[in-house]
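Working notes for the structure below.
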């Protein structure tokens with residue numbers, strides 16, 4: 001299925017090329033980024049909302065939330081980009097990567113803390129809320145600032161999923177594919 005909106009093409013204005021160069025580190029920019037580059041304001045707002053910097057979460061915690069959220073939203077594009085780019089860095093095993101798509105939060109491959117992260121994603125996806133029991137589970141492992149970041153992270157990647165799905169973003173060649 002073709003993309004609904006064609007991406008912008010290089011050369012880009014400096015306010016777009018500078019962040020792209022910094023993020024892509026010599027690799028060609030992702031189609032999502034070049035599609036957003038059609039509008040400098042939208043591009044800047046998107047990059048300002050990202051949470052891939054060093055924050056209150058480890059890379060592993062961050063990627064578990066991103067993988068699960070994008071899988072629940074059926075965004076194979078974004079899930080595949082993150083699996084290909086960050087899974088190894090996050091120390092996720094192939095079994096764990098697959099479980100973000102096909103498994104439950106109670107899979108034996110996850111620690112108790114990671115199960116809480118997965119339940120958070122599941123709850124936010126299903127109800128846009130978390131109950132008191134889950135809240136208390138989060139408080140057991142995470143500081144309040146980290147919980148805020150978890151909520152923002154899941155919300156941001158739901159938005160990214162809306163973009164990639166709604167625009168019918170073709171999968172990146174280097175991206176992983178959902179397990180069968």
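The values are calculated or read from the model by the stated rules, or taken from the named source; none is laboratory data. Computed from a predicted model, the values in this text were never measured in an experiment. All Cβ positions, glycine included, derive from the backbone under ideal geometry; neighbour counts span all protein chains shown.
Key figures
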item: Tabulated pairs, the stretch 153-168, first closer than 17 Å to residue 4 by Cα, second surrounded by fewer than 18 Cβ atoms within 10 Å (Cβ to Cβ) and modelled with pLDDT of 95 or more, C-beta under 8 angstrom, 6+ apart or interchain; result: 161/74; 165/74; 166/4; 167/4; 167/5; 168/4
item: Residue 89 within 22 Å of residue 146 (Cβ to Cβ) and in a loop (DSSP other than H, G, I, E, B); result: no
item: Residue tally, condition within 20 Å of residue 160 (Cβ to Cβ) and either outside any helix (DSSP H, G or I) or assigned by TED's automatic domain parsing to the domain that holds residue 85 (or both), over the stretch 26-39; result: 7
